[in-house]
Amino acid sequence: MHTDPNCLFCKIVGGEIPSNKVYEDELCYAFYDIEPQAPVHFLVVPKEHICCAAKITADNSSIVAHCFEVIAKICAELGCESYRVVNNCGDQAGQTVKHLHFHVLSGRDMTWPPG
Ligand code: 5GP
Ligand code: ZN
């Protein structure tokens, strides 16, 4: 599996940097965001280093489906009936960590459209 030794989330997945783990399996890792934007705010990341959503292809897209299965499972376990899943792709969209991740936010009213 491809990982990047200089990538923050690869280091979190590998345990080199500590995190508050929510869930883990052979394909993905979920942990609470260090700067929560809602009462519940965790991130789901593939263990494989994929830099952003723009690099999802027919060869690796099954991980995205898996991440969404995991999100549904975690949210059910946490009792989050309503939640928002966010992916920021690229600098202008606000992606600061270049390892594919899905934000899961819940526990407060949310506005649409986003800012
Ligand atoms: P992005 O801005 O790339 O969409 O999201 C990156 C997220 O990672 C941000 O919400 C930020 O708070 C979170 N984050 C950055 N560094 C760390 C860290 O060391 N630990 C954890 N748990 N979250 C982090
Ligand atoms: Zn990475």
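The values are calculated or read from the model by the stated rules, or taken from the named source; none is laboratory data. Bear in mind that the values here come from a model prediction, so they are computed numbers and not experimental data. Every residue, glycine as well, gets a Cβ built from its backbone with ideal geometry; the counts of neighbours run over all protein chains shown.
Give the number of residues within segment 95-115 that are at pLDDT below 95 and in contact with a Cys (Cβ under 6 Å, 6 or more places away or on another chain). Count: 0. Summed over segment 34-51, residues that are surrounded by 18 or more Cβ atoms within 10 Å (Cβ to Cβ) and within 16 Å of residue 94 (Cα to Cα) total 1.
Could you please let me know if residue 92 is in contact with a Leu (Cβ under 7 Å, 6 or more places away or on another chain), at pLDDT 95 or above and loosely packed, with under 15 Cβ neighbours inside 10 Å? Answer is no for this residue. When residue 106 is tested against (1) buried (at least 16 other Cβ atoms within 10 Å of the Cβ); (2) closer than 25 Å to residue 7 by Cα; (3) touching a helix residue (DSSP H, G or I) at 6+ places or on another chain (Cβ under 9 Å), exactly one condition is not met: (2).
For segment 53-71, check the following and say yes or no: at least one residue is surrounded by 17 or more Cβ atoms within 10 Å (Cβ to Cβ) and not hydrophobic (A, V, I, L, M, F, W, C). The answer is no, given that none of the residues of segment 53-71 is surrounded by 17 or more Cβ atoms within 10 Å (Cβ to Cβ) and not hydrophobic (A, V, I, L, M, F, W, C). Of the strands (runs of 3 or more DSSP E) lying entirely inside segment 5-75, those carrying at least 1 residues that are out of contact with any helix residue (DSSP H, G or I) (no Cβ under 7 Å at 6 or more places or on another chain) and within 16 Å of ligand 2 (Cβ to nearest atom) are 21-24, 40-46.
Does residue 88 satisfy the condition of being on the phi < 0 side of the Ramachandran plot and touching an Asp or Glu at 6+ places or on another chain (Cβ under 8 Å)? For residue 88, the condition - on the phi < 0 side of the Ramachandran plot and touching an Asp or Glu at 6+ places or on another chain (Cβ under 8 Å) - is not met.
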